[in-house]
There are 2 protein chains.
Amino acid sequence: MNLTALVQKNRSYRRFHEEERISAELLEKWIGLSRFTASGRNNQPLKYIGSVNRELNAGIFNLLGWAGYLPDWAGPTEGERPAGYVVVVHDKLISENRYCDDGIAVQTIMLGAVDDGFGGCIIGSVNKSKLAGLLNLPEHLEILWVLALGKPAETVVIEDMKEGDVKYWRDAYQVHHVPKRPVNELVYSIIP
Amino acid sequence: MNLTALVQKNRSYRRFHEEERISAELLEKWIGLSRFTASGRNNQPLKYIGSVNRELNAGIFNLLGWAGYLPDWAGPTEGERPAGYVVVVHDKLISENRYCDDGIAVQTIMLGAVDDGFGGCIIGSVNKSKLAGLLNLPEHLEILWVLALGKPAETVVIEDMKEGDVKYWRDAYQVHHVPKRPVNELVYSIIP
């Protein structure tokens with residue numbers, strides 16, 4: 001797939017074909033892509049905990065918040081939940097500052113998943129203290145993001161944002177609509 | 001190019017064939033890729049100032065710090081400087097928090113550049129107040145990163161990190177070596 005198509009296909013998916021499992025090897029392959037990404041001062045302070053284990057997945061699921069703009073939707077139901085997770089942590093023993101390493105890494109990992117026919121969602125609404133307990137993480141590993149991954153079971157479409165309303169929404173056919181600013185709003189200026 | 005090759009080719013390049021120019025259209029294409037990236041709460045607070053203008057480029061260049069681990073190297077000399085820049089700013093009128101949007105966007109823009117045969121470096125060592133003045137930016141646009149872009153004129157190789165030494169270095173042949181942690185150091189655990 002060419003890069004533009006890949007970037008466009010990489011939507012935030014929140015419902016999955018849960019029975020389509022992800023292997024530990026595939027998860028490690030996606031994480032491994034992040035090894036080749038830029039890192040502020042080359043510190044590389046990020047580490048990853050992966051799970052494709054049903055029992056652990058269920059425990060992680062209970063500590064996540066889903067789709068803040070869909071108050072009537074409590075998150076994916078059994079059968080449409082993620083088949084795997086990547087918990088992104090910052091090793092504070094390596095460096096205090098992570099610059100923008102985390103965004104660089106998670107985008108790369110997500111592109112890897114999409115390129116292999118999977119997809120998912122970067123979740124920031126996480127009960128971090130309980131998740132650290134569940135995963136037995138030492139104190140120096142600070143949880144940043146949880147990537148929820150699986151075989152997408154929903155259609156996500158992008159549309160031009162209207163009147164500054166950033167809220168995504170679902171239509172009667174369960175299609176998920178995401179308003180995005182047009183490029184001319186992102187470009188403040190280009191000096192030729 | 002497949003994704004793995006693209007991610008691996010996307011190194012931090014700091015020396016360029018300066019005469020190989022970048023068009024404003026190409027810069028806008030790469031910025032435009034970021035429209036399709038995830039954004040925390042879908043706020044999309046990032047905006048971009050592009051320059052492929054020689055005079056403005058020279059002004060921007062003077063406000064950047066290059067390669068902190070190469071103290072004997074003052075940065076690229078005339079003829080090997082970037083052909084273009086993208087200044088990434090956070091519009092504080094849109095949202096206070098940018099989550100990890102900036103890393104997601106800059107990685108996507110850089111992959112776009114590499115996919116088109118260019119490349120560059122994410123620079124955080126920036127005289128932000130002077131750059132804001134040079135670009136006549138209003139106060140609500142906070143400068144985050146400067147992407148220095150061009151046709152790479154240097155060889156960058158990755159090698160396994162030894163003894164935790166994160167410093168990149170240049171050999172006698174001017175090849176730039178970047179130590180990266182092996183994947184088994186990035187993966188804290190994967191639960192199958």
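The values are calculated or read from the model by the stated rules, or taken from the named source; none is laboratory data. Just so you know, these numbers come straight off a predicted model, no measurement behind them. Using ideal geometry, Cβ is built from the backbone for each residue, glycine included, and neighbour counts are taken over all protein chains shown. Heavy atoms of the whole protein, side chains included, go into the accessibility calculation; ligands, DNA and RNA do not. Shrake-Rupley method; radii C 1.70, N 1.55, O 1.52, S 1.80 Å.
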Flagged in segment B:75-97 as part of a loop (DSSP other than H, G, I, E, B) and more than 18 Å from the chain's Cα centre (by Cα), in numbering order, are B:Thr77, B:Glu78, B:Gly79, B:Lys92, B:Leu93, B:Ile94, B:Ser95, B:Glu96, B:Asn97
From A:Lys162, A:Lys167, A:Lys180, A:Lys151, grab the single residue that is among the charged types (D, E, K, R), open to solvent by less than 20 Å² (accessible area, probe 1.4 Å) and over 25 Å from A:Ser39 (Cβ atoms). A:Lys180
On the basis of being at negative phi, among the β-branched types (Val, Ile, Thr) and assigned to a strand (DSSP E or B), does A:Val106 make the cut? no
Checking A:Trp73 against (1) touching a strand residue (DSSP E or B) at 6+ places or on another chain (Cβ under 8 Å); (2) buried (at least 16 other Cβ atoms within 10 Å of the Cβ): exactly one of these is not met. Which one? (2)
Of all residues being touching a residue at least 40 places away in the same chain (Cβ under 8 Å) and within 22 Å of B:Pro45 (Cβ to Cβ) in segment A:112-145, which is farthest from the other protein chains (Cβ to nearest Cβ)? Just the residue, please. A:Val126
With over 14 Å from A:Arg15 (Cα atoms) and of a type in the set (Lys, Arg) as the only criterion, which of A:Lys180, A:Lys151 stands out? A:Lys180
Within segment A:121-131, does at least one residue satisfy the condition of being under 19 Å from B:Val106 (Cβ atoms) and open to solvent by less than 20 Å² (accessible area, probe 1.4 Å)? no
Consider segment B:33-57. How many of its residues are part of a loop (DSSP other than H, G, I, E, B) and facing chain A (nearest Cβ under 7 Å)? 6
What residue, of A:Arg54, A:Arg81, is of a type outside the set (S, T, N, Q), in contact (Cβ under 8 Å) with a residue 40 or more places away in the chain and open to solvent by 50 Å² or more (accessible area, probe 1.4 Å)? A:Arg81
